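The values are calculated or read from the model by the stated rules, or taken from the named source; none is laboratory data. Values in this document were obtained by computation on a predicted structure and should not be read as measured data. FYI the Cβ positions are ideal-geometry reconstructions off the backbone, even for glycines, and counts take in every protein chain you see. Heavy atoms of the whole protein, side chains included, go into the accessibility calculation; ligands, DNA and RNA do not. Shrake-Rupley method; radii C 1.70, N 1.55, O 1.52, S 1.80 Å.
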Amino acid sequence: CGQPLQNKVQLKGRDLLTLKNFTGEEIKYMLWLSADLKFRIKQKGEYLPLLQGKSLGMIFEKRSTRTRLSTETGFALLGGHACFLTTQDIHLGVNESLTDTARVLSSMTDAVLARVYKQSDLDTLAKEASIPIINGLSDLYHPIQILADYLTLQERYSSLKGLTLSWIGDGNNILHSIMMSAAKFGMHLQAATPKGYEPDPSVTKLAEQYAKENGTKLLLTNDPLEAAHGGNVLITDTWISMGQEEEKKKRLQAFQGYQVTMKTAKVAASDWTFLHCLPRKPEEVDDEVFYSPRSLVFPEAENRKWTIMAVMVSLLTDYSPQLQKPKF
């Protein structure tokens, strides 16, 4: 840890739709705040009602274990109240326009976390709402998951700078969020996706720009072992996301050879670890890797709670971390 620093980052009132809208220092601040809350509440047993009197609307078009539990329990632990809304309660843009929904929610809650199918719905909500809108997952990005991943890696490696992340899987919202942020920490990214399942071209173009600006390596390939070569962190995700069930047979065929195994790990760095945001299927990673001492999947899952708490605190309060700032 470095010396305590006066916080110059101010995120209060902002939306969190994608990490491309945040600088490296702003993302580091959210991780610093996550570590601070985890230390003060979990380790020291302090009670910090930083969100007392605050309310959160939670819109879930897609089901979730970790996003719902981490947000509800985390918001309550900080003294606030979270209200869970499914498609049975609120059908975005169907029974009421997105504009009207945004204005109603703005009058009754202090922030909204929305887990949706379309990123464009989040963009509209953010445009029309007068309160912070947080992306709980969309077709394009999953920023709150990546914050948990980075906190987990910070805890394991003590620093993120110089790490090589090896992605093996679909060119999906998780990969997009890594591409929008890894270079800002000085991390290199090697990503393997099957042909036809590459990341979005507009995301790739911006990621190439970030890599150039920060002097990091960005490798996009169709060869899993090439992506894994020398990697400190092996990362994969589900091959079949919610809404893609009809593509299951086609996707399973396309992803043959992409399972993460000890054979994959043999070409990685000697200090390799493994991440998966869950839920996990055996075809994505075998048991030997998933349940090995190198697997960080369960600390990663727990850190969803501390990072979403930090997001809420940073967007809704003027709180500054008491813990010394980590060396990222």
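What the table shows:
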| read-out | value |
| --- | --- |
| Loop-located trypsin sites (Lys or Arg not before Pro) in segment 107-200 whose Cβ has at most 13 other Cβ within 10 Å (DSSP) | K161, K195 |
| Distance in nm between pseudo-label sites at K8 and V104 (7 Å out along the Cβ direction from Cα) | 4.4 nm |
| Additional length obtainable on full extension of the chain from D223 to T23, 0.36 nm per residue less Cα span | 68.9 nm |
| Across K217/K281; K184/K325; K12/K305; K184/K249, pairs whose alpha-carbon gap is larger than 28 Å | K217/K281; K184/K249 |
| S120 versus N214: modelled label distance in nm, points set 7 Å from Cα along the beta carbon direction | 3.0 nm |
| For segment 145-300, accessible area per residue (1.4 Å probe, heavy atoms of protein chains only), Å² | 42 Å² |
| Value of relative contact order over the chain, rounded to a whole percent, pairs C-alpha under 8 Å and six or more apart | 24 percent |
| Efficiency of FRET from Cβ geometry, E46 and L206, R₀ 45 Å, rounded to 0.05 | 0.70 |
| Rounded FRET efficiency, nearest 0.05, which uses the C-beta distance separating L278 from E247 and R0 of 25 Å | 0.75 |
| Label-point separation, S320 to H81 (7 Å along Cα→Cβ), nm | 3.3 nm |
| Loop-located chymotrypsin sites (Phe, Trp or Tyr not before Pro) in segment 1-74, at most 16 other Cβ atoms within 10 Å (DSSP) | Y47 |
| Normalised contact order of segment 150-241, rounded percent, pairs of Cα under 8 Å and 6 or more residues apart | 38 percent |
| Mean Kyte hydropathy of 0.0 or more with a Cα span along the axis of at least 24 Å, helices from DSSP in the chain | 297-316 |
| Sequence-separation-based contact order of segment 145-300, relative, with Cα cut under 8 Å and 6+ spacing, percent | 24 percent |
| Length added when fully stretched, Q88-E288, from 0.36 nm per residue minus Cα-Cα | 68.0 nm |
| Shape category assigned to the chain from the gyration tensor of Cα positions, a/c cut at 1.5 | oblate |
| Accessible area, probe 1.4 Å, largest first, for residues C83, C277 | C83, C277 |
| Surface share of carbon and sulfur [accessible, 1.4 angstrom probe, percent] for segment 214-328 | 52 percent |
| Solvent-accessible area, 1.4 Å probe, carbon plus sulfur percent, for segment 1-81 | 49 percent |
